[in-house]
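What follows is a single structure, written as structure tokens, with notes after it.
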Amino acid sequence: MEILQLALFGLVLGGIISLGAIGVSLLFGILRFAHFAHGDLMTVGAYAALALVAVGWPLWAAFPVAVLAGILVALAVDALIYRRLRRTAPVILLISSVGVALILRSLIQIIWGADTQVYDQALQFPLRFWGLRLKLNQLYILLGSVGLVMLVHVFLQYTKLGKAMRAMADNPDLAKLSGINTERVILYTWCLGAGLAVAAGIFLGVDTRLQPTMGWHLLLPVFAATILGGIGKPYGAIVGGMVVGLASELSTVVLPPAYKTAVAFAIMVVMLIVKPSGLFGGGKR
Amino acid sequence: MSLLTVREIHGGYGGEDILKGVSMTVDAGEMVVIVGPNGAGKSTAMKAVFGLARLRAGEVVFDSQKITNFRPDRVVHLGVSYVPQENNVFPSLTVHENLEMGAFILSGDLSARFERIYELFPPLKEKRRQPAGALSGGQRQMVAMGRALMLDPKLLLLDEPTAGLSPRFVELIFDRIREINAQGVSILMVEQNARAALQLAHRGYVLVVGRNRVEDTGAALLANREVAEMFLGG
């Protein structure tokens, strides 16, 4: 029963990681660089929601506004910084995104302080069913993640823009040759990636607490999930996120809980050595 | 008036010039092949038409419009499609989605266009729901050509369409190229399989180190001693 309980917590964590990893994976596929500021984009979203909650908004109402705020921040960063560097080497973009990550985190710390904060002070008693425990909040997170992942699926499979996103992640040069407006696709990829990152940030804040470093700390599991699923493959990222979430929680059976992040790191390293193209990678293009 | 006129183009990819004065024309409905030894600049000459190489001098005119150094996305809109030699499909997208991406700039009902491609390449119809990356080399080439044809282009540029294919598929692809041309699409292609391509084409250009060397009908080039000795293998 303990294993099932941990698996349930693993799914909650996995959902949050997946939401972040879809964005990182798509952005890598399309812009060819690992977006190190993605975790701090999550933090921005979580705190944007906190700002509204603090003035009396219910969290469900603050959610879409925070998503919008996160998207605007991402688009502004892209327009001010990344766009100018797009024609340079990818490593320069990568390093600039580390800089962006530091800027975002410091801004949050200046505005909201370094202390831990919560959306809701009230203590929640867990629901009990079949001998398992789950807080109502965690149930919302789980349902929210599944719902968003399904929306992303419909978008990627059935809309012209979604298909163009997958096409560009597959083969950016061929996308250009086909007349696909790549700048527009990049723009919408930022919207999608940032929106999902904000959702992940809010969910993380709901599940635990808000801290300026919360997103940065989640970045490693998110990258591990992205690599596990095969970089540039949004569907792989979803599976990768679930695997990393489950593995992290289940590892506490044999390891001290402090090693959860190390488990994600270990998965990433093993994957890079054994099969860098990801779980489903054919590798060949 | 030719559909495509390339006049004395010089250029390459930023370094030393690969093209050192290439001229060619393609008439409406014509199939023209560029042959020549390795490093002659055949592919570069074709890429220059599509805006994938930088030209320092000379000009490219398509359909009475000067398109020298136009970006590929502009050239596409004028009715030119290009099939690269490698990486010419979206591997994780299905066959059908690959074709759909070929028609990205169009809107409205595309079913007639899909039908036309599936008639041209019947194996693709069966595999329409499979990812293009899972297909054999020959079928991938069909997807690549199908994607390019979705726009119903006036001119189709093919870069080594039979490279790396098994003999059975080489024959099949050449047969399809003839059919596409018969349907009225002008074709400019680069081909290593020079003998077969020259038999198929109306005219051919022989390039050597970035310059025109010989220009003649396909049949005449096949009979040309100098051309045969140079690279047709005697």
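For this structure, a couple of remarks:
- With only the Cα atoms considered, region A:29-160 has a convex hull volume of 163 Å³ per residue.
- Lysines whose Cα lies under 23 Å from that of B:K125, excluding same-chain neighbours fewer than 8 positions away: A:K160, A:K163
- Taking the three principal axes of the alpha carbon atoms in region B:126-180, the coordinate ranges are 30, 26, 18 Å, sorted in descending order.
- Cα convex hull of region B:117-234 - mean projected area over all directions, nm²: 8.1 nm²
- Two-decimal ratio, chain A, of alpha-carbon radius of gyration to 2.2 N^0.38 Å: 0.97
- Summarising the strand pairing of the protein assembly as shown, around 60 percent of its internal DSSP beta bridges are antiparallel.
- Percent of C-alpha pairs per 10 Å bin in region B:32-79, short distances first: 26, 51, 22, 1.
- Stokes-Einstein D (µm²/s) once Rh is taken as the Kirkwood radius of region A:18-69 over alpha-carbon pairs, at 20 °C in 1.002 mPa s: 179 µm²/s
- Span-rule helices in chain A, defined as complete DSSP H runs reaching 27 Å or more along the axis (Cα) with Kyte mean at least -0.5: A:2-31, A:90-112, A:136-158, A:182-207
- Rg and Dmax, both from the Cα atoms of region A:146-285 and both in Å, are 16.6, 53.
- For the options B:N212, B:N87, B:N193, a Gaussian network treatment of chain B with springs between C-alpha atoms closer than 10 Å singles out B:N87 as fluctuating the most.
- Global size of region B:68-176: 13.3, 40 Å for Rg and Dmax (C-alpha atoms, Rg to one decimal, Dmax whole).
- For the residues A:V254, A:V146, A:V12, a GNM of chain A with alpha-carbon springs under 10 Å puts the largest fluctuation on A:V254.
- The protein assembly as shown - mean residue ellipticity at 222 nm from DSSP helices (-39,500 (n - 2.57) per run, n ≥ 4, rounded to 500): -17500 deg cm²/dmol
- Nearest 10 degrees, 0 to 90: helix B:167-182 Cα axis against chain B principal axis: 90 degrees
- Scalar couplings 3J(HN,Hα) for region B:133-138, obtained by applying the Karplus form with A = 6.51, B = -1.76, C = 1.60 to θ = phi - 60°, are x, 8, 7, 6, x, x Hz; x denotes Gly and Pro.
- Rg and Dmax [Cα atoms of the protein assembly as shown; Å; Rg one decimal, Dmax integer]: 27.4, 92
- Here region B:1-26 and region B:147-221 have alpha carbon centers that stand 18 Å from each other.
- As a proxy for reagent exposure, ranking A:R87, B:R113, A:R184 by other Cβ atoms within 10 Å from fewest up yields A:R87, A:R184, B:R113.
- Put simply, the amide H of B:N212, placed in the peptide plane, has neighbours under 5 Å in B:S23, leaving out anything fewer than 5 places away on its chain.
- Choice from A:V244, A:V53, A:V44 showing the highest fluctuation, given a GNM over chain A with Cα pairs closer than 10 Å: A:V53
- Translational D in µm²/s for chain B (Stokes-Einstein at 37 °C, 0.692 mPa s, Kirkwood Rh from C-alpha pairs): 183 µm²/s
Bear in mind these aren't lab numbers, they're just calculated from the coordinates by the rules spelled out. Just so it is clear, the structure is predicted and the values come from calculations on it, not from any experiment. Reconstructed Cβ throughout: ideal geometry from the backbone, glycine too, with neighbour counts over all protein chains shown.
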